[in-house]
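K.L.:
This is the structure, below, for whatever I ask next.
The values are calculated or read from the model by the stated rules, or taken from the named source; none is laboratory data. Worth saying up front: this structure is predicted, and the values here are computed from it rather than measured. All Cβ positions, even for glycine, are placed from backbone atoms using ideal geometry, and neighbour counts span all protein chains on display. The area values use the complete protein model at the heavy-atom level, side chains included, leaving out ligands, DNA and RNA. Shrake-Rupley method; radii C 1.70, N 1.55, O 1.52, S 1.80 Å.
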Amino acid sequence: MIRESAPRYRTRVARHALDSSFPRCDLHWRFVCAKCGKPRHFQGIAFCETKRAFFCLGCAAEHPADSRRFWAWTYSYRLKCPWREEHHASLDRLEHDRRHPWQRWPAWARGRRGMTPSEDVPDRWAFKVAPTEGITDEDVRTGWDDVATWWVSRYTAKGDINREWVIDPALFEILGDVKGRRILDAGCGTGYLARLLARAGASVDGVDVSEKQLDSARADQAPAKRAIRYHHGDLADLRSFRDATFDIAVSNIVLQDVRRLPEAVREIHRVLRPGGRFVFSITHPSFEAPVPGRWAIEPADSERIEDREGMIVDRYFDRVAVYWGPPGEFLAVGFHRPLRDYFEALHRAGFLVSRYEEPLPTEEALKRFPRYFRDMLRLPNFLIVEAVRPK
């Protein structure tokens, strides 16, 4: 591909991914991040000359696109250094500019310094699909306690990266002014959303099935002394709350992980006051991985969004349990179900749907994190629904 735009470019012997359509030489293989210890495609690795270390896109606080054309490509990434207040070019750009450490220091090239010796291209996420029959409420509770450590590590005061830059801007626009409102945070997890709502003037009750995640929520709550009360419980059984207790119920990327969805929606309807609103977001069931969709990427470890050739979607109407998480960690459990199941649950509970949104990443998110968010301009990852309990 480089030779197409630079005929004098010297190609090298391919040693890796020989059974794929993109066999690669050592220079274009995977390099190990000194920060997290994980190998990554050379397009998603940068080099800090002061630290004399490679680091990856995942450990960079942001990775804006450098739009200068080089060879066959229209951009490269500039990764924010985890050690210094500066940005560094990715290795593909460094090679073009003859500033790659292997070009500058031949001993590094001879020793293949920084390159992983492994031929494996691991999945970014681990998945397992199973029948829903036989899964109990206790299985769900235990599962979410098991994943609490890595789950909490993904969060800041503004939630994870998807909540902060895609979901929550649209969610808060729909919620509007919450000052003086009593709100149920249905599936509060670490409590970040409850804290944001309380900071905006709401009185909040958070409910979650995982005691360990509630421990994290309470620990963060203690210094703030805000109007939040946390409860350990299942959304399908909110007996600790009287009828018509709340003005608003909000559930942020939770309902797809609830085993008894109809019962949960019915309980939320019960605890809302007449005229009260239920605003929830979920992962979009039309494009969830691994059921029903997965991106076709070539090569499989590419960090360029344009190398995502499209999504393969199949078996949308399957109703299955999906276990997912980082490779090597405990897997969280959720449930894939078609979109009509959510609207059927709302209808049977007595809700009237008043708004539907498929949120897009903010302009700032697209500028700072193009690798994470540009694909969301092609297919929606999430949806938001507002439903009203009629007066």
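K.L.:
Mind checking region 301-391 for chymotrypsin sites (Phe, Trp or Tyr not before Pro) that DSSP puts in a loop (not H, G, I, E or B) and that have at most 14 other Cβ atoms within 10 Å?
P.N.:
Taking region 301-391 and a limit of 14 other Cβ atoms within 10 Å, the loop chymotrypsin sites (Phe, Trp or Tyr not before Pro) found are 317.
K.L.:
Can you compute the charge dipole magnitude of the chain about its Cα centre, using +1 on each Lys and Arg Cβ and -1 on each Asp and Glu Cβ, nothing else charged? Give it in debye, rounded to the nearest 20.
P.N.:
The calculation lands at about 1400 debye.
K.L.:
So what's region 170-284 giving for Rg/Rh, alpha carbon basis, Kirkwood Rh from the mean inverse pair distance?
P.N.:
0.93
K.L.:
Which of rounded, prolate or oblate describes region 1-130 when judged by the alpha-carbon gyration tensor and an a/c cut-off of 1.5?
P.N.:
In terms of gyration-tensor shape, rounded.
K.L.:
Cβ under 15 Å from residue 295's Cβ, residue 295 left aside: what net charge do those residues give with Lys, Arg +1 and Asp, Glu -1?
P.N.:
The answer is -3.
K.L.:
What per residue convex hull volume, in Å³, do the alpha-carbon atoms of region 238-369 yield?
P.N.:
Normalising the Cα hull of region 238-369 by residue number yields 157 Å³.
K.L.:
How much accessible area per residue does the chain have, in Å², with a 1.4 Å probe?
P.N.:
48
K.L.:
For a test of the definition: using alpha carbon positions, the gyration tensor, and the 1.5 limit on a/c, classify region 149-188 as rounded, prolate or oblate.
P.N.:
Oblate is the answer for region 149-188, as a/c is 1.5 or above yet b/c matches or exceeds a/b.
K.L.:
Between residue 347 and residue 9, what FRET efficiency follows from the Cβ-Cβ distance if R0 is 45 Å, with the result rounded to 0.05?
P.N.:
0.15
K.L.:
Right, another one. Rounded to the nearest 20 Debye, what is the dipole magnitude of region 19-85 about its Cα centre when Lys and Arg each give +1 and Asp and Glu each give -1 at the C-beta?
P.N.:
120
K.L.:
Compute the Kirkwood hydrodynamic radius of the chain, taking the inverse of the mean of 1/r over all pairs of distinct Cα atoms, and give it in Å to one decimal.
P.N.:
With all distinct Cα pairs of the chain included, I get 23.0 Å.
K.L.:
Expressed as cubic angstrom per residue, what is the convex hull volume of the alpha carbon set of region 101-229?
P.N.:
About 202 Å³ per residue, rounded to a whole number.
K.L.:
How large is the charge dipole for region 7-138, taken about the Cα centre, if only the Cβ atoms of Lys, Arg (+1) and Asp, Glu (-1) carry charge, to the nearest 20 debye?
P.N.:
Magnitude of the dipole: close to 1080 debye.
K.L.:
Roughly what would the spin-label model give for residue 150 and residue 108, points 7 Å off Cα along C-beta, in nm?
P.N.:
Inter-label distance under the simple model: 3.1 nm.
K.L.:
Let me ask something else. Using a 10 Å cut-off on Cβ atoms, rank the peptides 33-42, 138-147 from the highest mean neighbour count down.
P.N.:
Ranked from most to least packed, the peptides come out as 33-42, 138-147.
K.L.:
Given the whole protein assembly as supplied and a 1.4 Å probe, what does the accessible area of residue 92 come to in Å², nearest 10?
P.N.:
So the heavy atoms of residue 92 present about 10 Å² to solvent.
K.L.:
Right, next: Of 158/212; 128/158; 35/367, which pairs sit farther than 27 Å apart, going by alpha carbon to alpha carbon?
P.N.:
128/158
K.L.:
Related question: Taking every DSSP beta bridge with both residues inside the chain, roughly what % is antiparallel (nearest 5)?
P.N.:
70
K.L.:
What percent does the relative contact order of the chain come to when contacts are Cα pairs within less than 8 Å and at least six residues apart?
P.N.:
Rounded, it is 15 percent for the chain.
K.L.:
Still on this model: Just from its helices, what would the mean residue ellipticity at 222 nm be for the chain, if runs of 4 or more DSSP H residues each count -39500 (n - 2.57) and the sum is divided by every residue, rounded to the nearest 500 deg cm²/dmol?
P.N.:
-6500 deg cm²/dmol
K.L.:
Along the charge dipole of region 240-321, Cβ charges K/R +1 and D/E -1, which of 261, 278, 246 sits furthest on the positive end?
P.N.:
It is 246, whose Cα lies furthest towards the positive end.
K.L.:
Subtract the Cα-Cα distance of residue 200 and residue 242 from 0.36 nm times their separation in residues, and report this length gain in nm to one decimal.
P.N.:
Contour length minus Cα-Cα distance gives 12.7 nm.
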